[in-house]
Amino acid sequence: MHSIKVLAASALMFMAAQAQAGYVFSSVGASLVTNYAGTVAGANLSATITYTLNSWTSSSAVFGVTVANGTGAAQPGTNRLTSFGITTIRPDLTDVSDTSAVFDTRINGGLPGGFNDVDFCAPAAGQNRCQGGGGDGLGEGLSDTFTMTMTFAGDPRNGVTFDTPFLARFQSIGLIDDSTVLSASSFTCTTGCVSTRTQDLPEPSSMALAGLALLGLGALSRRKAG
């Protein structure tokens, strides 16, 4: 009976892991648009972050980045966008630099809300940690456009992959001065940017295994109930 429970739990974890989506930049000019939305402390938060591959070499890639805090000025609080990040990037990042006066890009860090290990983050300028902080960041209705150069351990021309979740942190939210980390709720991938979502779905044999495990657990529960 214990083995059935373990099998069912493992199957659920496997299916959850496979649901993670990746987006591959396969050619120069490709763009990925990530959208964020949520209601926290009475404030309707909104943001859009766009990554466009401008050029690449055998070891680095230059991206154009536009960060927009779309939160309306009528919302309670000042609702600053103080940090954003990408959980996993492939090939492995070895360095990152930027031209922004608002954000400082960096590799390997953590954001609040359980996102303790991200490959890339961009806190507000002058902060020494991914969490953001202080009184800086991007205010309501404001945007920032800059370039960033990523250096990799492998050749990015074989494809640069950004894996979900994509993250954005807001601070000074609502009337109670709250803070939160939002995971992007929708994505737009242009020509040259390929989603791996369909490739990440479990194979039929794996789905069948998960189904059998769950059926076994259900039968065991009914037997105990009887």
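The values are calculated or read from the model by the stated rules, or taken from the named source; none is laboratory data. None of these values were measured; they are calculated from a predicted model. We place every Cβ from the backbone using ideal geometry, glycine too, and count neighbours over all the protein chains shown.
Among the residues making up segment 76-115, a single one is under 20 Å from L182 (Cα atoms), surrounded by fewer than 16 Cβ atoms within 10 Å (Cβ to Cβ) and in contact with a Gly (Cβ under 8 Å, 6 or more places away or on another chain): P76.
Could you grab me the full set of residues in segment 58-99 that are in a loop (DSSP other than H, G, I, E, B) and touching a residue at least 12 places away in the same chain (Cβ under 8 Å)? Step through it out loud before you land on a result.
Of segment 58-99, the ones in a loop (DSSP other than H, G, I, E, B) are 58-59, 70-76, 91-92, 99.
Passing the criteria: S58, S59, G70, T71, G72, A73, Q75, P76, P91, D92, T99.
Please go through segment 61-88 and pick out each residue that is under 21 Å from the mean Cα position of the chain (by Cα) and among the polar types (S, T, N, Q).
Taking segment 61-88 as the starting set, the residues that turn out to be under 21 Å from the mean Cα position of the chain (by Cα) are 61-71, 79-88.
Answer for segment 61-88, where residues must be under 21 Å from the mean Cα position of the chain (by Cα) and among the polar types (S, T, N, Q): T66, N69, T71, N79, T82, S83, T87, T88.
Checked against the criterion of being surrounded by 16 or more Cβ atoms within 10 Å (Cβ to Cβ) and either modelled with pLDDT under 95 or in contact with a strand residue (DSSP E or B) (Cβ under 6 Å, 6 or more places away or on another chain) (or both), the candidates A73, A9, A21, A16 yield just one match: A21.
When S172, S206 are screened for being outside any loop (DSSP other than H, G, I, E, B), at pLDDT below 50 and of a type outside the set (A, V, I, L, M), only S206 passes.
Selection of segment 143-158 for residues being farther than 14 Å from D119 by Cβ and either touching a Pro at 6+ places or on another chain (Cβ under 9 Å) or charged (D, E, K, R) (or both) yields D144, D155, R157, N158. Taking the criterion of being touching a Pro at 6+ places or on another chain (Cβ under 9 Å) and over 18 Å from D104 (Cβ atoms), the residues of segment 54-89 that qualify are W56, T57, S58, S59, S60, A61, T87. As a summary of the residue check, Q131 satisfies the conditions (1) on the phi < 0 side of the Ramachandran plot; (2) assigned to a strand (DSSP E or B); (3) surrounded by 19 or more Cβ atoms within 10 Å (Cβ to Cβ) except for the one numbered (2). Somewhere in segment 81-91, is a residue of a type in the set (S, T, Y), farther than 25 Å from D155 by Cα and in contact with an Asp or Glu (Cβ under 9 Å, 6 or more places away or on another chain)? Scanning segment 81-91, I find at least one residue that is of a type in the set (S, T, Y), farther than 25 Å from D155 by Cα and in contact with an Asp or Glu (Cβ under 9 Å, 6 or more places away or on another chain), so the answer is yes.
Would you check if there is a residue in segment 136-157 being closer than 29 Å to S195 by Cα, basic (K, R) and under 18 Å from the mean Cα position of the chain (by Cα)? Taking every residue of segment 136-157 in turn, none turns out to be closer than 29 Å to S195 by Cα, basic (K, R) and under 18 Å from the mean Cα position of the chain (by Cα).
Among the conditions (1) at pLDDT below 90; (2) buried (at least 16 other Cβ atoms within 10 Å of the Cβ); (3) farther than 30 Å from S58 by Cα, the only one that D177 does not satisfy is (2). Confirm whether N158 is modelled with pLDDT under 95, more than 20 Å from Y36 (Cβ to Cβ), out of contact with any Gly (no Cβ under 9 Å at 6 or more places or on another chain) and not acidic (D, E). Considered against the rule, which asks whether it is modelled with pLDDT under 95, more than 20 Å from Y36 (Cβ to Cβ), out of contact with any Gly (no Cβ under 9 Å at 6 or more places or on another chain) and not acidic (D, E), N158 comes out as no.
Rundown of residues vs (1) hydrophobic (A, V, I, L, M, F, W, C); (2) under 19 Å from I49 (Cα atoms), yes/no style:
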site	(1), (2)
F63	yes, yes
T71	no, yes
Q75	no, no
T82	no, yes
P91	no, no
V118	yes, yes
R129	no, no
G139	no, yes
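Taken over segment 145-169, residues that are closer than 12 Å to V67 by Cα and surrounded by fewer than 20 Cβ atoms within 10 Å (Cβ to Cβ) amount to 3. The residues of segment 47-60 that are surrounded by fewer than 21 Cβ atoms within 10 Å (Cβ to Cβ) and touching a Ser or Thr at 6+ places or on another chain (Cβ under 9 Å), listed by number, are T48, T50, T52, N54, S59, S60.
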